[in-house]
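Report on the structure given below.
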Amino acid sequence: MARKLPSVDVLIIGFGWTGAIMAEQLTAEGLQVLALERGVWRDTSTDFAVTNAQDELRYRYRGELFEEPARGTLTFRNSPTQTALPMRRLGSFLPGTNVGGSGVHWNGQTWRFLPTDFLTKTHNEQRYGPLAADMTVQDWAITYEELEPYYDQFEYLCGISGKAGNLKGVKQEGGNPFEGARSRDYPNPPMEMVYAPALFREAAAGLGFHPFPAPSANMSRPYTNPLGIGLGPCTYCGFCEKFACGNYSKATAQTTILPVLMRRDNFTLRTESEVLRILKDRSGKRATGVEYIDTEGQVWEQPADLVILASYILNNAHLMLVSKIGQPYDPATGQGVVGKNYAYQITSSVDLFFDDKYFNNFVGAGALGMIIDDFNGDNFDHAGLGFIGGGYIAQWTTNGRPIETRPVPDGTPKWGAKWKKAMRDSYLRSTSVATHGAVMSHRQNYLDLDPTYKDVYGRPLLRMTFDFTDNEHKMSKYLTDKATAIAKAMKPREFKVNGRDGHYSIVPYQTTHNTGGTIMGANPRESVTNKFLQSWDVPNLFLLGSGAFPQNAGYNPTGTVGALAYHAAKAIREQYLRAPGPLVQA
Amino acid sequence: MSRKSISRRGFLTATLAAGSTAPLVLPALARQYQGSEPWTPDVAMAPERATPAPAKFFSPEERTFIEAAVDRLIPKDEWPSATEAGVAHFLDGQLAGAFGRAESWYMQGPWEKGEDSQGFQSRLAPAPLYRAAIKAIDDHCGEKYGGRKFADLSSSDQDDVLKGLEKGDVKLKGVDAKTFFTMLLQNTIEGFFSDPVHGGNKDMVGWKMIGFPGARYDYRPYISKHNQKLDIEPVSVAGVDSFGAGTPSK
């Protein structure tokens with residue numbers, strides 16, 4: 001039987017980026033805040049020390065910072081006609097665990113979505129006519145202009161390095177000319193470029209595109225954030241994504257929030273505590289707290305007045321479904337909302353091989369690169385193209401880690417003497433151009449509970465049904481062709497195109513940019529939360545993270561995830577606490 | 001309700017709901033952090049080190065197979081072969097440990113083959129998978145090559161067998177050939193290019209061969225050196241050398 005604990009004002013489920021943001025904001029308001037984290041405490045000096053952090057096998061391939069499927073995973077299939085099978089080991093995406101969550105091992109590519117991204121349905125219908133029949137895209141319940149101050153807040157928390165392209169409506173030379181208006185420039189200047197992005201910039205500009213330095217959560221100089229926490233300059237060690245930064249140079253919960261938050265008396269963190277379900281009162285309209293289990297198998301009831309669901313997007317959807325909050329989505333009827341509009345990202349790349357140029361990709365950083373946004377969102381005319389959406393094209397120099405990053409020319413065998421020689425010839429003298437594309441939501445891409453497989457606690461696993469559709473394939477082909485044109489202009493000896501054809505596979509790593517399933521929207525018939533990420537069904541429950549995205553844009557999600565968390569926190573502080581109840585009338 | 005009303009209950013004044021008879025105790029095992037940012041000095045989480053100890057997993061016959069196989073995947077040329085670089089030693093340690101037992105993987109049934117897009121669906125963890133596959137491949141070679149084992153075949157026959165496994169043309173008893181080959185190739189590359197602290201990449205030869213400087217953490221002096229060959233000596237997280245020269249590779 002669950003033992004009952006004293007109640008708290010605010011209970012946060014999951015202590016990653018969004019949990020830390022919300023805890024900082026609500027403790028500042030004087031509330032008693034408790035965060036429950038299923039993983040363990042992690043701090044830079046003990047756990048990510050520079051003496052040990054650069055270990056490719058330990059972290060990338062043995063997954064020390066990632067969720068362990070043994071404890072809980074999901075099942076996967078491409079279509080509702082297949083039997084979903086468990087993701088037995090991680091592959092396509094790498095959710096984090098422990099304090100700091102996936103934010104510990106991100107690259108730091110920190111984007112704002114385009115103003116038109118928030119109006120995916122109405123904008124595209126207006127410009128191009130009716131959308132494909134099974135495309136279930138929706139407008140966000142919030143606009144770029146409403147979210148702008150919170151993007152700014154997150155960027156200044158993190159110390160993002162970049163160059164504005166649009167300050168209060170005035171275009172800025174050298175920045176992204178397509179971006180929405182910013183109220184002020186980035187807190188730090190762009191990172192200094194290594195050779196490959198410099199070559200890309202020259203080639204892309206020569207073709208008439210508009211290259212600009214990537215917005216980066218790797219520090220271009222020492223930075224002290226508004227909470228008074230200092231970060232050090234990035235040393236270009238090339239161990240960002242899939243690794244923790246040992247150098248206090250990448251914005252994470254650990255480097256931007258925790259040193260202040262952990263000292264506040266009204267904040268408590270309880271680790272090794274996994275929430276099993278969210279509890280409701282008899283009306284079903286109020287969350288009373290959660291039930292969680294500790295490492296000894298003891299189950300506890302933790303009551304709270306306000307519950308913040310801040311775990312990874314897939315775990316948020318899972319907890320909603322196992323807690324029976326909201327109507328599960330049914331793809332056959334289109335009814336229901338929980339699990340609806342799961343989306344992802346579609347990526348491709350071109351590898352370039354040179355005889356006479358040295359790139360030394362090990363001198364890299366997670367968000368070091370040059371970008372063009374000419375083919376993202378609706379920055380270009382889609383008339384006659386047969387798809388909506390787009391993505392950015394980039395030269396990222398993130399790493400030269402040799403187990404993972406080892407391109408060899410087309411036609412090289414995967415092993416043996418020829419492979420070994422090609423590896424030797426190519427390692428220092430190759431680079432790549434990448435595309436990073438949107439995924440629109442589709443009637444048959446969704447999340448629900450698996451009928452067969454269970455987690456270690458006996459709960460049904462989450463089931464993911466997902467495949468790329470015609471829209472993604474056409475869009476990715478279009479982007480890949482543009483990327484190839486830039487690659488040719490960089491004048492390599494030869495190049496290899498790595499397109500993304502056929503079915504989505506859960507095996508090769510693509511991105512940890514899962515979105516949707518608990519989407520925001522204008523009303524409870526088509527969404528799980530309102531614009532403040534407040535559950536329509538249970539108003540004292542808020543759901544943070546990329547689950548809110550009604551479809552995915554052509555950018556990395558963390559900037560928008562952070563902005564939405566600050567936007568929700570402000571609404572709780574200034575509206576909800578004064579009058580607890582729905583912030584938007586259904 | 002006012003903001004005060006949501007804050008009305010502090011920890012000490014909390015009341016138990018009616019009907020609960022459980023004692024008011026804080027969790028014993030879950031750790032609670034309040035009032036400071038804890039860290040543990042002097043114990044920065046060191047990696048588990050491979051040791052030069054004798055074999056932990058492979059039998060002598062299995063070791064013979066593995067050395068022959070990985071030396072076809074990464075053969076000797078002017079640079080060492082996989083076995084010379086410590087890959088068999090690396091695999092032995094990996095398969096004897098958490099990886100070999102698939103400790104972090106979801107290994108509950110029911111089991112189905114599934115589609116390629118659904119990924120690894122073998123009920124065998126890596127250690128038993130290697131063990132079963134090595135026997136099955138030697139059995140296959142015995143039938144096809146007049147009683148000889150894989151390690152006794154010519155290099156070109158060995159390559160033919162490996163290509164058959166890679167394509168799935170060779171059918172093995174009780175083991176999916178492609179699943180095993182994919183894992184063997186990946187683990188061989190891991191052993192050749194991972195930090196020497198894990199037992200392979202002896203003397204950092206894999207890194208020296210391609211020009212990767214290893215676990216260095218500050219390249220700022222090199223950012224502006226565009227299009228130059230840098231020739232930076234590699235380092236390991238274990239220091240310059242992991243466990244000294246003379247590590248037995250057999």
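Structure values in brief
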| quantity | calculated |
| --- | --- |
| Residue among A:Gly547, A:Ala489, A:Gly165 farthest towards the positive dipole end of the range A:3-576, charges placed on Cβ | A:Ala489 |
| Among beta bridges that DSSP assigns inside the protein assembly as shown, antiparallel share in %, nearest 5 | 70 |
| Volume per residue that the Cα convex hull of the range B:63-182 spans, once the total is divided by residue count, Å³ | 115 |
| Size of charge dipole - the range A:492-586 - debye, nearest 20, with Cβ of Lys, Arg +1 and Asp, Glu -1, no other charges | 200 |
| Derived scalar couplings ³J(HN,Hα) [the range A:382-397; Karplus, 6.51 cos²θ - 1.76 cosθ + 1.60; whole Hz; x for Gly, Pro] | 8, 4, x, 7, x, 8, 10, x, x, x, 8, 10, 9, 10, 9, 10 |
| Residues whose placed amide H lies under 5 Å from that of A:Gln109, excluding near-sequence neighbours | A:Ala217 |
| Leading residue at positive end of dipole, the range A:471-586 (Cβ point charges), from A:Trp536, A:Gln575, A:Gly562 | A:Gly562 |
| Relative contact order %, chain A, counting alpha carbon pairs below 8 Å whose residues are six or more apart | 22 |
| Estimated Rh, the range A:301-361: Kirkwood, alpha-carbon pairs, angstrom | 16.1 |
| Kirkwood hydrodynamic radius (C-alpha pairs) into Stokes-Einstein, the range A:1-50, 25 °C and 0.890 mPa s, D in µm²/s | 194 |
| Placed amide H near A:Leu167: partners under 5 Å, 5+ positions off or other chain | A:Gln172, A:Arg182 |
| The range A:240-377 - charge dipole about Cα centre, Lys and Arg +1 at Cβ, Asp and Glu -1, debye rounded to 20 | 600 |
| Violating pairs (Cα-Cα greater than 28 angstrom) within the set A:Lys340/A:Lys482; A:Lys418/A:Lys482; B:Lys173/B:Lys202; A:Lys357/B:Lys208; B:Lys76/B:Lys178 | A:Lys340/A:Lys482; A:Lys418/A:Lys482; B:Lys173/B:Lys202 |
| Sequence-distant residues sharing a close amide H with A:Gly516 (under 5 Å, placed H) | A:Ala343, A:Gly547, A:Ala548, A:Phe549 |
| Taking the C-alpha atoms of the range A:3-576, convex hull volume expressed per residue in Å³ | 147 |
| Binned Cα-Cα distances of the range A:418-547, short to long, each 10 Å bin given as a whole percent | 9, 26, 28, 19, 13, 5, 0 |
| Neighbouring partner chain Cβ atoms per residue of B:184-197, average, 10 Å criterion | 4 |
| Positive-end extreme of charge dipole, chain A - chosen from A:Met423, A:His503, A:Thr469 (charges on Cβ) | A:Met423 |
| Averaged over A:422-428, number of beta-carbon atoms from partner chains that fall within 10 Å | 4 |
| Chain A, dipole about Cα centre (Lys/Arg Cβ +1, Asp/Glu Cβ -1), debye to the nearest 20 | 840 |
| Relative contact order of the range A:310-403, defined on C-alpha pairs under 8 angstrom at six or more residues apart (%) | 22 |
| Highest average packing first - B:226-232, A:509-515, A:245-251, Cβ atoms within 10 Å | A:245-251, A:509-515, B:226-232 |
| Per-residue average of Cβ from other chains inside 10 Å of B:35-45 | 6 |
| Quotient of C-alpha Rg and 2.2 N^0.38 Å, computed over the range A:260-395 | 1.65 |
| When the convex hull of its Cα atoms is projected in every direction, mean area for the range A:375-423 (nm²) | 5.7 |
| Where N is the number of residues in the range A:318-458, Cα Rg divided by 2.2 N^0.38 Å | 1.50 |
| Packing-based order for A:174-184, A:155-165, A:60-70, A:99-109, using average beta carbon neighbours within 10 Å, highest first | A:99-109, A:155-165, A:60-70, A:174-184 |
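Bear in mind that the values in this text are calculations on the coordinates, not laboratory data. Please read all numbers here as calculations on a predicted model, not as lab measurements. Cβ coordinates were reconstructed from backbone atoms using ideal geometry, including for glycine residues, and neighbour counts include every protein chain displayed.
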